[in-house]
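**Student:** Sharing a structure here in structure tokens format.
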Amino acid sequence: MSPTVPEKPSLEGLEEKWAARWEAAGTYRFDRSRPRSEVYSIDTPPPTVSGALHAGHVCSYTHTDITARYWRMRGFEVFYPMGWDDNSLNVVRRVSVNYGVTCDPTLPFDAGLEPPGPNAKPRLAVSRPNFVALCEQLTTELEKAYFDLWSSLGLSVDWSHTYTTIGARAQRVSQTGFLDLLDKGAAYTAEAPTVWDVEYKTAVAQAELEDREMAGAYHRIAFHRADGSGDVFIETTRPELIPACVALVAHPDDKRYQPLFGTTVTTPLFGVRVPVKAHPLADPEKGSGIAMICTFGDIADVTWWRELDLPVRGVMGPDGRLVPVPWGEAGWESDDVESARKHYDELAGRNAKQAQKRIVELLAESGELVGEPKPITHPVKFWENGSRPLEIITNRQWFIRNGGRDPELREQLLEHGRQLRWHPDYMRVRYENWVNGLTGDWNISRQLPFGVPIPLWYPIADDGVVGWESPLRPAADALPIDPSVHVPAGYDESQRDQPGGFTGDPNVMDTWATSSLSPEIVGGSLDDPDLFSRVFPYDLRPQAHDIIRTWLFYTVLRSHYLHGSLPWANAAISGFVFDPDRKKLSKSAGNSPDDPTVLLAAHGADAIRYWAAGGRPGADIPLDPNQFKIGRRLAIKILNASRFVLGLGSVDDGIAPSAPVDLALLARLRVTIAEATRAFDEYEYTRALERTESLFWAFCDDYLELVKGRAYQGDASALATLRITLSAVLRLFAPFLSYATEEVWSWWQEGSVHRAPWPAVEELSVAAGADDSVLAVASDILGELRKAKTEARRSMKTPIVRATVFDTAERLAAARLAERDLREAGVVADLIFSESSAFAVDAELEPAAD
RNA sequence: GGGCCGUUAGCUCAGUUGGCAGAGCACCUGCUCGACACGCAGGGGGUCAGAGGUUCAAGUCCUCUACGGCCCACCA
């Protein structure tokens, strides 16, 4: 009957064996002939290919795979691609080190470039196209290691659908998408105050800011009333910005300062006349209750500057050093130009920290610093990739309207968020908080050497003025282009950067401007519209919660503009993995003490998958070797129990279970199937596993023991039930323990368990309405019989001379239906049922031989 | 400052409409019984963070508090 059941089943080698067979058989290949209604599509997150995958990746990608396997078994054709994110600073660093190069967009493409290698110093500057080529080369190499890990973990990805985020296809989608926004008036360029990283010398977006606690100090500083009637004291943590001060501001209701509103004060050291203004944003509780407004110290300054219609006096340069300013002209007026110039000369060229040190000395000398600075720690804004505090400087950038300044758009985006099914549901709140907290449009231009270029040129008039507002566009079929390499129609290369010629946009786009188009990139919206029509809108976006405000929000925004709809129906938000010491998150590579490759080799893929399945959507989980052990034990148990069941023999398909104990088990199986199915439909795979596991252990510990004897004797009902149950249980476990279940399936079934139909209660209609109390009562009695033997320190095969079961009439009736099985399982010679209000079993063991 | 999640056995966690507190691990005691010693059977172990409220009945619903974690914030 089952010649392929091994004598001693083992988990060893299953990963290599089945990963290879699945790939060879195309088990997970997407059948693109199926219509959208029969497809389940996944917008897979592309891991950054800058180093190594960590336990967090393993966990969250397993969640997605479990989900994919479920829907595949439900009969849907699953579109499960993989992406590689090579458009990120991490990759830039890795490429730079690996090949010994840096990216310089001003250089021409060199077709014969030979990178110098890891130890080159200085590193060789190469053109942007060359750098992109090296990036793709490295990605291809790292991809191999990533593929090996994903493959042995058992991800049911269709590897013929992969994408990168800097490759030509992504660049084309990204640039086309940008031009589309331009057409729709959703993208615009403006010269405006910009959140600026002085280390990388680039603008950054609101979504990429983070606070860090920094040491600072309140400096109490005197401003002088212009009418000579005394001083006004402000407190500031940034005295070096006094030369950039354009006004003082206090709350309109603040009686202390109401007399000052509308008057003028002069700044210390610089003698600049600035107005005193009222604005409700000013907090009477903070500092002295009156603040200086500088252009620009923080985001509040920008708000005040805009709403109070103040002038700009910018002092901060792109490199974070104070720039020279023209005192006495161009608006930089002072009551004492000579003094202002003298003081400022002490600051110009210094960075913020150095300038602060010097100006404090100058203020102390002039007597305008009151008392000693009071040390504090306070949150300071950083770019998440940066190491120096952000500044705000004014320059030209490209923006995408994101609802930050448009209540109607904001409401539409909130509505998209309400329609999206979040798993867990409370993650929606993060999205809503973010959308409601947007303070401006999305700045997508970055002054970085590497990235997808903004695909525009600008005409230069004969007088040298650049026409920023009338960009020159490439033809749609020419994309992707690099404006530092390509030339706009009607011009030739000799006119680059010449009066009467053109200049290329020097900037690249925010990486999120490309990755927010992952649905279009991987679905082939431009080059394979047929495919796109079968996968969009996607069923699932799996991702972590830390990038709701970036990847998720931006993808919703882009889809809103491109399609007027949500890009997916469901968003499954995974948690983080904690290190075993429960202190650190293994969020970034290098922080994980356990390499996933080592973990997989040590415990086996099913064990790792089992652990990962314990992490519910949105919940953080610890990296727990104990869970690996339990998962491994479960997988082995499945092998052994299956071997046992299949070795007992088979019956014809036509024979239906009929014994009450058998029907009771099937009744429970029906409940489990219904619960697991409902849980999966709600993306609660953890519950589905827990229900299945619970049934399986009851099956092994109680049912199997009860029917063993009957099955040995060839009882058709028992044999049929065992095989029916095994088939269903293997399929219920298949999304989780993909290797062990496939191995067992191959012993006695055709095809892959992963393409087998998900179990349905309809398969078990023979047990519809069956009473499962027979099994419950029998299990209770069997437990008492075992207990008697255990407490007597006797073996389980010790015969029982006489056992008396006390129980209610109703339960005794159920027990009688299992009498034969109870006698055999308990080795009971004389089984007596006695009615009683309380359950008890009295067992008399055969006397010990000695 | 606003918001979200959590607090149940030594550990990791279930506990879905309110109805006798659960699992696994760890620990203890046994068992080499015709699937499995990578196993099996049994056992001890909890004031469900605290207080108040609703209810015949609260781990579960409401209010407040404490602690932990996370997100957001205009942080002078």
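The values are calculated or read from the model by the stated rules, or taken from the named source; none is laboratory data. It should be emphasised that the depicted structure is a prediction, and the values quoted were computed from it without experimental measurement. All Cβ positions, glycine included, derive from the backbone under ideal geometry; neighbour counts span all protein chains shown. Calculation scope for accessible area: heavy atoms of the full protein, side chains included, ligands and nucleic acids excluded. Shrake-Rupley method; radii C 1.70, N 1.55, O 1.52, S 1.80 Å.
**Student:** From the list A:GLU333, A:GLU285, A:GLU329, exactly one residue is in a loop (DSSP other than H, G, I, E, B), acidic (Asp, Glu) and either within 13 Å of RNA strand B (Cβ to nearest atom) or touching a Phe, Trp or Tyr at 6+ places or on another chain (Cβ under 7 Å) (or both). Which is it?
**Tutor:** On the way: A:GLU333 fails: either within 13 Å of RNA strand B (Cβ to nearest atom) or touching a Phe, Trp or Tyr at 6+ places or on another chain (Cβ under 7 Å) (or both); A:GLU329 fails: either within 13 Å of RNA strand B (Cβ to nearest atom) or touching a Phe, Trp or Tyr at 6+ places or on another chain (Cβ under 7 Å) (or both).
Result: A:GLU285 is the single residue among A:GLU333, A:GLU285, A:GLU329 that is in a loop (DSSP other than H, G, I, E, B), acidic (Asp, Glu) and either within 13 Å of RNA strand B (Cβ to nearest atom) or touching a Phe, Trp or Tyr at 6+ places or on another chain (Cβ under 7 Å) (or both).
**Student:** Restricted to segment A:814-837, and to residues that are of a type in the set (Ser, Thr, Tyr) and open to solvent by less than 70 Å² (accessible area, probe 1.4 Å), which residue is nearest to the chain's Cα centre (by Cα)?
**Tutor:** A:SER836
**Student:** Now for a separate question. Across segment A:336-347, which residue is nearest to A:ARG396 (Cα to Cα) among those that are open to solvent by less than 50 Å² (accessible area, probe 1.4 Å) and in a helix (DSSP H, G or I)? Talk me through it step by step, then tell me what you get.
**Tutor:** Filtering segment A:336-347 for residues open to solvent by less than 50 Å² (accessible area, probe 1.4 Å) gives A:337, A:339-340, A:343-344, A:347.
Filter once more, keeping what is in a helix (DSSP H, G or I): A:337, A:339-340, A:343-344.
Working: A:VAL337: 30, A:SER339: 33, A:ALA340: 29, A:HIS343: 30, A:TYR344: 26 Å.
In this case the residue turns out to be A:TYR344.
**Student:** I've got another one for you. Please work out if A:VAL173 is within 11 Å of RNA strand B (Cβ to nearest atom), among the aliphatic types (A, V, I, L, M), in contact (Cβ under 8 Å) with a residue 60 or more places away in the chain and open to solvent by less than 40 Å² (accessible area, probe 1.4 Å).
**Tutor:** Against the criterion (within 11 Å of RNA strand B (Cβ to nearest atom), among the aliphatic types (A, V, I, L, M), in contact (Cβ under 8 Å) with a residue 60 or more places away in the chain and open to solvent by less than 40 Å² (accessible area, probe 1.4 Å)), A:VAL173 does not qualify.
**Student:** Select from segment A:95-126 the residues that are assigned to a loop (DSSP other than H, G, I, E, B) and within 32 Å of the chain's Cα centre (by Cα) and list them in ascending order.
**Tutor:** A:GLY100, A:ASP104, A:PRO105, A:PRO118
**Student:** Also, I was wondering about something else. From A:VAL452, A:VAL487, grab the single residue that is under 27 Å from A:CYS135 (Cβ atoms), touching a Gly at 6+ places or on another chain (Cβ under 9 Å) and among the β-branched types (Val, Ile, Thr).
**Tutor:** A:VAL487
**Student:** Condition first: in a loop (DSSP other than H, G, I, E, B) and either at positive phi or open to solvent by 40 Å² or more (accessible area, probe 1.4 Å) (or both). Now tell me which residues in segment A:227-250 satisfy that. I'd like the intermediate steps shown before the answer.
**Tutor:** If we filter segment A:227-250 for residues that are in a loop (DSSP other than H, G, I, E, B), which is where we start, we get A:227-230, A:237-238.
A:ASP227, A:GLY228, A:SER229, A:GLY230, A:ARG238, listed by residue number.
**Student:** Would segment A:139-155 turn up any residue that is in a loop (DSSP other than H, G, I, E, B), under 24 Å from A:ASP595 (Cα atoms), modelled with pLDDT of 95 or more and not aromatic (Phe, Trp, Tyr)?
**Tutor:** yes
**Student:** Where in segment A:610-718 are there helices (runs of 4 or more DSSP H), lying fully within it, with 2 or more residues that are among the aliphatic types (A, V, I, L, M) and open to solvent by 40 Å² or more (accessible area, probe 1.4 Å)?
**Tutor:** Output list reads A:625-647, A:660-681.
**Student:** Determine the pairs where a residue that is modelled with pLDDT under 95 and open to solvent by 60 Å² or more (accessible area, probe 1.4 Å), located within segment A:94-114, has a partner that is of a type in the set (Asp, Glu) and in a loop (DSSP other than H, G, I, E, B) with Cβ atoms under 9 Å apart, the partner being 6 or more residues away or on another chain.
**Tutor:** A:PHE109/A:ASP482
**Student:** Mind checking which residues of segment A:753-769 are under 26 Å from A:ALA815 (Cβ atoms), aliphatic (A, V, I, L, M) and open to solvent by 30 Å² or more (accessible area, probe 1.4 Å)?
**Tutor:** Across segment A:753-769, the qualifying residues are A:VAL766, A:ALA768.
**Student:** Within segment A:665-689, track down each residue that is of a type in the set (D, E, K, R) and closer than 17 Å to A:GLY618 by Cα.
**Tutor:** Answer for segment A:665-689, where residues must be of a type in the set (D, E, K, R) and closer than 17 Å to A:GLY618 by Cα: A:ASP681, A:GLU682, A:GLU684, A:ARG687.
**Student:** Between a first residue in segment A:356-381 that is in contact (Cβ under 8 Å) with a residue 60 or more places away in the chain and within 19 Å of A:PHE223 (Cβ to Cβ) and a second residue that is among the hydroxyl-bearing types (Ser, Thr, Tyr) and part of a strand (DSSP E or B), which pairs have beta carbons less than 6 Å apart while being 6 or more apart in sequence or on different chains?
**Tutor:** Hits for this filter: A:LYS374/A:TYR218.
**Student:** Separate question: Are there any pairs, at least 6 apart or on different chains, whose C-beta atoms fall under 9 Å, with the first in segment A:422-435 and free of Cβ contacts under 8 Å to residues at least 24 places away in the same chain and the second more than 7 Å from RNA strand B (Cβ to nearest atom) and in a helix (DSSP H, G or I), and if so, which?
**Tutor:** If the second residue must be more than 7 Å from RNA strand B (Cβ to nearest atom) and in a helix (DSSP H, G or I), the pairs left are A:ARG428/A:GLY417; A:ARG428/A:ARG418; A:GLU432/A:LEU414; A:GLU432/A:GLY417; A:GLU432/A:ARG418.
Residues are listed down the side, and each one gets a yes or a no for (1) charged (D, E, K, R); (2) over 29 Å from A:PRO6 (Cα atoms); (3) within 11 Å of RNA strand B (Cβ to nearest atom):
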{"position": "A:ILE630", "(1), (2), (3)": "no, no, yes"}
{"position": "A:ARG633", "(1), (2), (3)": "yes, no, yes"}
{"position": "A:ASP652", "(1), (2), (3)": "yes, no, no"}
{"position": "A:ILE673", "(1), (2), (3)": "no, no, no"}
{"position": "A:LEU695", "(1), (2), (3)": "no, no, no"}
{"position": "A:PHE699", "(1), (2), (3)": "no, no, yes"}
{"position": "A:ALA711", "(1), (2), (3)": "no, no, yes"}
{"position": "A:GLY714", "(1), (2), (3)": "no, no, yes"}
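**Student:** Go through segment A:419-477 and give me each residue that's away from RNA strand B (no atom under 16 Å from the Cβ), modelled with pLDDT of 95 or more and crowded, with 22+ Cβ neighbours inside 10 Å.
**Tutor:** Hits for segment A:419-477 are A:ILE444, A:SER445, A:ARG446, A:VAL452, A:PRO453, A:ILE454, A:PRO455, A:LEU456, A:TRP457.
**Student:** What are the pairs, 6+ residues apart or on separate chains, where a residue within segment A:293-304 that is within 15 Å of A:GLY320 (Cβ to Cβ) has its Cβ under 9 Å from a residue that is charged (D, E, K, R)?
**Tutor:** As it stands, the answer is A:PHE296/A:GLU391; A:GLY297/A:ARG238; A:GLY297/A:GLU391, since those pairs meet every condition given.
**Student:** Kindly indicate the residue of segment A:483-535 that is open to solvent by less than 10 Å² (accessible area, probe 1.4 Å) and closer than 13 Å to A:ILE460 by Cα and also farthest from the chain's Cα centre (by Cα) among those meeting that condition.
**Tutor:** A:GLY501
**Student:** With A:THR295, A:THR303, A:THR264 as the choices, which residue is at pLDDT 95 or above and either crowded, with 23+ Cβ neighbours inside 10 Å or β-branched (Val, Ile, Thr) (or both)?
**Tutor:** After ruling out the rest, the residue left standing is A:THR264.
**Student:** Of all residues being within 16 Å of RNA strand B (Cβ to nearest atom) and either within 28 Å of the chain's Cα centre (by Cα) or surrounded by fewer than 14 Cβ atoms within 10 Å (Cβ to Cβ) (or both) in segment A:3-36, which is farthest from A:ASP148 (Cα to Cα)? Just the residue, please. Reasoning before the result, please.
**Tutor:** Step one: filter segment A:3-36 for residues within 16 Å of RNA strand B (Cβ to nearest atom), giving A:4-15.
Narrowing the set further to residues that are either within 28 Å of the chain's Cα centre (by Cα) or surrounded by fewer than 14 Cβ atoms within 10 Å (Cβ to Cβ) (or both) leaves A:4, A:6-8, A:10, A:12-13, A:15.
On the way: A:THR4: 29, A:PRO6: 28, A:GLU7: 30, A:LYS8: 28, A:SER10: 22, A:GLU12: 17, A:GLY13: 15, A:GLU15: 11 Å.
Once the filter is applied, the top-ranked residue is A:GLU7.
**Student:** Only one of (1) of a type in the set (D, E, K, R); (2) more than 29 Å from A:PRO252 (Cβ to Cβ); (3) open to solvent by 50 Å² or more (accessible area, probe 1.4 Å); (4) touching a helix residue (DSSP H, G or I) at 6+ places or on another chain (Cβ under 9 Å) fails for A:LYS381. Which number is that?
**Tutor:** Of (1) of a type in the set (D, E, K, R); (2) more than 29 Å from A:PRO252 (Cβ to Cβ); (3) open to solvent by 50 Å² or more (accessible area, probe 1.4 Å); (4) touching a helix residue (DSSP H, G or I) at 6+ places or on another chain (Cβ under 9 Å), only one is false for A:LYS381: (2).
**Student:** Would you mind stating whether A:ALA825 is within 15 Å of A:VAL661 (Cβ to Cβ) and either of a type outside the set (Phe, Trp, Tyr) or modelled with pLDDT of 95 or more (or both)?
**Tutor:** Yes.
**Student:** Looking at (1) open to solvent by less than 10 Å² (accessible area, probe 1.4 Å); (2) more than 16 Å from RNA strand B (Cβ to nearest atom); (3) touching a residue at least 60 places away in the same chain (Cβ under 8 Å), which one does A:VAL744 not meet, given that it meets all the others?
**Tutor:** (2)
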